[in-house]
Amino acid sequence: MEKLTVDADGKITIPPEVIQKRGLHPGDELALVEAPEGLLVYQGGVDDKTSAWWNRLDDGQRLLAETEARRYESLSDKERDSIWNEEADSIEAEAESDEIDLPTK
Amino acid sequence: MTRSTFQPNSVLLDKGVIRRVYERRVRLAFGKPPTVLQIEAANSYAYVATIANHLYITEQTSNILKRRTQIFAAPLLAETRPLKKARYLRRWARRLTEFAFSSEDAIILAYGSFGLDVESRTVGVEAIITTDNRLAEHYERRHAEIKNRFDDMIVNLPEPYARLTLPQVATTATVLTFV
């Protein structure tokens, strides 16, 4: 854990050894995440899972992914929200017929 | 919650997490920088996958993914299992709305206790990961009352339900503090 100090201009300086260790270069972007525990300065880049997924794709699949990505990115926020809100669950008692009873031992 | 108290064996990822992980991959394929929320969700997902034995999603999230482009959705479906609704899930969700949770939030929380893994015949998860800070804060703030209400409900249910528990709820941002 490194301690960073906010200067009079509201800027923080990352220690040179951290910059070197993390391979940061001028212009690199860092994400500032507001967690309940405080602020996290997070280095971007691709996480292991996303990276593994991407590396498994061959050239043809990457081309297909790019085409599909372009289509998805062209959707409005409302259209994307609509996709992810399909089939919302009801909490009403009338909907309970699909619930599964646990077996008694 | 600390790194030492957050060691869940089973985790339910809410729809918002899966959506952002999906969209992070869309951004990579498109060659566009991801948003902070997408980075947050993808990194949390990658971390949780290393510590939990079982990653779950709800039936709704599973059905949405099945209709999405499989080049993005199939790996997420392969790495997770959908939870079914055990009996009393909606009853508990309705109780949770009395604590001012929305129906959608109440369903997710109820899956945490009454979500059934048909394959392993286990019920409930140890932790729910969400992108919704308000949900996590509200759950934490009212936890003692929720626990009392939960205990009052399950004590009157048949035997297999009496052993059910409440899950921990953590945000993707909180998970990153443990990485």
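Which condition number in (1) of a type in the set (D, E, K, R); (2) in contact with a Leu (Cβ under 7 Å, 6 or more places away or on another chain); (3) facing chain A (nearest Cβ under 8 Å) is the one that B:ARG24 fails?
(2)
May I ask you to list the residues in segment B:81-94 that are under 21 Å from B:THR130 (Cβ atoms) and surrounded by fewer than 22 Cβ atoms within 10 Å (Cβ to Cβ)?
Start the filter on segment B:81-94 by keeping residues that are under 21 Å from B:THR130 (Cβ atoms), which leaves B:81-86, B:89-90, B:92-94.
Of everything in segment B:81-94, those that are under 21 Å from B:THR130 (Cβ atoms) and surrounded by fewer than 22 Cβ atoms within 10 Å (Cβ to Cβ) turn out to be B:ARG81, B:PRO82, B:LYS84, B:ARG94.
How do the strands (runs of 3 or more DSSP E) wholly within segment B:69-133 filter down when requiring 3 or more residues that are within 12 Å of chain A (Cβ to nearest Cβ), of a type in the set (D, E, K, R) and more than 29 Å from B:ARG25 (Cα to Cα): which remain?
No strands (runs of 3 or more DSSP E) qualify here.
(1) hydroxyl-bearing (Ser, Thr, Tyr); (2) at pLDDT 95 or above; (3) out of contact with any strand residue (DSSP E or B) (no Cβ under 6 Å at 6 or more places or on another chain): which one isn't true of B:THR35, the others all being true?
(2)
Which one is nearest to B:GLY31 (Cα to Cα) among residues in segment A:58-89 that are among the small types (Gly, Ala, Ser) and at pLDDT 95 or above?
Only one residue tops the list, namely A:ALA69.
Among the listed residues A:GLY27, A:GLY45, A:GLY60, identify the single one that is more than 16 Å from the chain's Cα centre (by Cα), in a loop (DSSP other than H, G, I, E, B) and either within 13 Å of chain B (Cβ to nearest Cβ) or not polar (S, T, N, Q) (or both).
A:GLY27
Would you check which residues across segment B:137-179 are closer than 20 Å to B:PHE114 by Cα, of a type in the set (S, T, N, Q) and not in a helix (DSSP H, G or I) and list them?
B:ASN156, B:THR165, B:GLN168
Report, by residue number, each residue of segment B:31-77 that is in contact with a helix residue (DSSP H, G or I) (Cβ under 9 Å, 6 or more places away or on another chain) and polar (S, T, N, Q).
B:THR35, B:GLN38, B:ASN43, B:SER44, B:THR50, B:THR58, B:GLN60, B:THR61, B:SER62, B:THR69, B:GLN70
Looking only at segment B:150-160, decide whether some residue is within 12 Å of chain A (Cβ to nearest Cβ), over 30 Å from A:LEU64 (Cα atoms) and aromatic (Phe, Trp, Tyr).
No, every residue in segment B:150-160 fails to be within 12 Å of chain A (Cβ to nearest Cβ), over 30 Å from A:LEU64 (Cα atoms) and aromatic (Phe, Trp, Tyr).
In segment B:33-61, which residue that is surrounded by fewer than 20 Cβ atoms within 10 Å (Cβ to Cβ) and assigned to a helix (DSSP H, G or I) is farthest from the other protein chains (Cβ to nearest Cβ)?
Residue satisfying both the conditions and the ranking: B:ILE51.
Can you find even one residue in segment A:28-40 that is surrounded by 12 or more Cβ atoms within 10 Å (Cβ to Cβ), in contact with an Asp or Glu (Cβ under 6 Å, 6 or more places away or on another chain) and of a type in the set (Val, Ile, Thr)?
Yes, segment A:28-40 contains at least one residue that is surrounded by 12 or more Cβ atoms within 10 Å (Cβ to Cβ), in contact with an Asp or Glu (Cβ under 6 Å, 6 or more places away or on another chain) and of a type in the set (Val, Ile, Thr).
The values are calculated or read from the model by the stated rules, or taken from the named source; none is laboratory data. Note that the coordinates shown come from a computational prediction; the quantities given were computed from them, not determined experimentally. Here Cβ is always computed from backbone atoms with ideal geometry, including for glycine, and neighbour counts include all displayed protein chains.
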